[in-house]
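The next block holds one structure in the form of structure tokens; read it before the comments.
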Amino acid sequence: MIWLLPLVGIVAVAFNLRPVVTSVGPFLGEIQDDLGLSGALTGALTALPVLCFAAFGAVSPRLAARFGARRVVAASMVVVAAGLAARALAPDRATFFLASGVALAGVAASNVLVPVLVRQYFPDKIGTVTGLYSMVLSVGTALSAAITVPASGVVGAGWRSGLSIWAVTALLAVVPWLVARAPDAELTLRRGDLHFPAHAVARPSVLRSRTAWAMAIFFGSQSLGAYIVMGWMPQILRDAGIDATQAGLLLALTTAIGIPVSLVLPAVAARLPDQRFVAGGLTLVTGFGYLGLAMAPATVPWLWATLIGIGNGSFPLALAMIGLRTRTAGYTASLSGFTQSTGYLLAAAGPLAFGAVHDATSGWTIPIALMAFFLVPQLIAGLVAGRNRYVEDELSDPRGEMTVVIPPRVEVTAR
């Protein structure tokens, strides 16, 4: 039963990775009025999450190598809780932005390091645990959007109480990691708590790996499309004659479809010889959803919402492939950090560019065509990233041996 606490810890962290973002939306108007946010500052607030994910995610592997992935994730949840509590009490917009950045920094670290914990604790069940983790992440996303306003009505104090409840759930996610034991290995080079098998502590950077670059492009392209859909699909449907309530329900359908897809897809994909067919298939399904949204948005909108929701399964697939494309926890951390920081940086430009093209063209056909254009690099990158290869093998020397670097004063322990 030693696996139970790490599993509970991974699930608890996953639940808290998106309420930081989605709890703001239902109260955006009230927050604007209370803090005096202009339209430009409101736009910056909606872009802040992906920018923080890119910036702070990049440094997470170094923190894990120094202190251990388990400890960094536990600390990151404390940071999330502190940031959310400070945001709920913010007296002005500067404090609100600063506290939001602190909370998002904690989320960024966990985004990168949860795949490392999955590999460390469940190396033979990467697909299954990633599926569970992705599903709970989707549940947390949907639930925080749905209950933040009703919860604030029960507690009182308006938007501040609604945002503060998520500080409590983030703090609870720390508890399993306070008592979970470190992962075992027969022979490890120990740096803090992050274990690198002795045969695989190598100096080469993942920047030299074609698979790593393909992973970053695949992750970034699918994230770009997903954030555009979350921000703009209801307005596209409303301009097609669908009322606001139905447009919101159709977006909820897209999110809800992702819950079972996130649970099942990684486990299925992990059992396949490689993931190229899945990556390509999801990209094509997304393309059909975009085509329907552009050509006949009001005809069978539930079908386009469903297709796009299925296509968004590219996100849990990408998370699973981070573990499947690496042999060791050290390179899982490096690949996760590079993939997510680079990918989120690309995704940050998506909603802004989409809105600018819409303003310039006064229609939705060309902006949606732009979304479809980014499916081309997603498809190509997915086919490359989905091959049955390991990043470590691409970084090996011509004789096929890893360059092993043992730093001074590293504790070698038989566990």
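Side notes on the structure shown:
- Any hit, segment 28-45, residues being under 24 Å from residue 172 (Cα atoms) and in contact with a helix residue (DSSP H, G or I) (Cβ under 7 Å, 6 or more places away or on another chain): no
- Qualifying residue in segment 71-78 (condition: farther than 27 Å from residue 324 by Cβ, at pLDDT 90 or above and not in a helix (DSSP H, G or I)): no
- Considering residues of segment 30-43 that are modelled with pLDDT of 75 or more and part of a helix (DSSP H, G or I) only, the residue surrounded by the fewest Cβ atoms within 10 Å (Cβ to Cβ): 33
- Residue 108 surrounded by 24 or more Cβ atoms within 10 Å (Cβ to Cβ), touching a Cys at 6+ places or on another chain (Cβ under 6 Å) and under 23 Å from residue 326 (Cβ atoms): yes
- Qualifying residue in segment 326-341 (condition: among the basic types (Lys, Arg), in a loop (DSSP other than H, G, I, E, B), under 28 Å from the mean Cα position of the chain (by Cα) and modelled with pLDDT under 90): yes
- From 185, 180, 200, residue being surrounded by fewer than 22 Cβ atoms within 10 Å (Cβ to Cβ), at pLDDT below 80, hydrophobic (A, V, I, L, M, F, W, C) and out of contact with any His (no Cβ under 8 Å at 6 or more places or on another chain): 200
- Filtered by the rule that a residue be in a helix (DSSP H, G or I), more than 23 Å from residue 385 (Cα to Cα), small (Gly, Ala, Ser) and in contact (Cβ under 8 Å) with a residue 24 or more places away in the chain, segment 202-253 gives 231, 252.
- Residues located in segment 44-53, provided they are crowded, with 20+ Cβ neighbours inside 10 Å and in contact (Cβ under 8 Å) with a residue 60 or more places away in the chain: 50, 53
Listed here are the residues, each with its yes/no results for (1) modelled with pLDDT of 95 or more; (2) more than 24 Å from residue 380 (Cα to Cα); (3) surrounded by 19 or more Cβ atoms within 10 Å (Cβ to Cβ); (4) not hydroxyl-bearing (Ser, Thr, Tyr).
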residue: 253; (1), (2), (3), (4): no, yes, no, yes
residue: 260; (1), (2), (3), (4): no, yes, no, yes
residue: 273; (1), (2), (3), (4): no, no, no, yes
residue: 278; (1), (2), (3), (4): yes, no, yes, yes
residue: 297; (1), (2), (3), (4): no, yes, yes, yes
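- Residue match in segment 237-247 (condition: charged (D, E, K, R), under 22 Å from the mean Cα position of the chain (by Cα) and surrounded by fewer than 19 Cβ atoms within 10 Å (Cβ to Cβ)): no
- Residue list for segment 366-415, filter: among the small types (Gly, Ala, Ser), at pLDDT below 90 and part of a loop (DSSP other than H, G, I, E, B): 396, 400
- Which numbered condition residue 366 misses (of (1) in contact (Cβ under 8 Å) with a residue 40 or more places away in the chain; (2) surrounded by fewer than 17 Cβ atoms within 10 Å (Cβ to Cβ); (3) β-branched (Val, Ile, Thr)): (1)
- Any chance residue 87 is surrounded by fewer than 24 Cβ atoms within 10 Å (Cβ to Cβ) and either modelled with pLDDT of 90 or more or not hydroxyl-bearing (Ser, Thr, Tyr) (or both): no
The values are calculated or read from the model by the stated rules, or taken from the named source; none is laboratory data. Given the structure is predicted, the values throughout are model-derived calculations rather than measurements. Cβ: placed from backbone, ideal geometry, glycine included. Neighbour counts: every protein chain shown.
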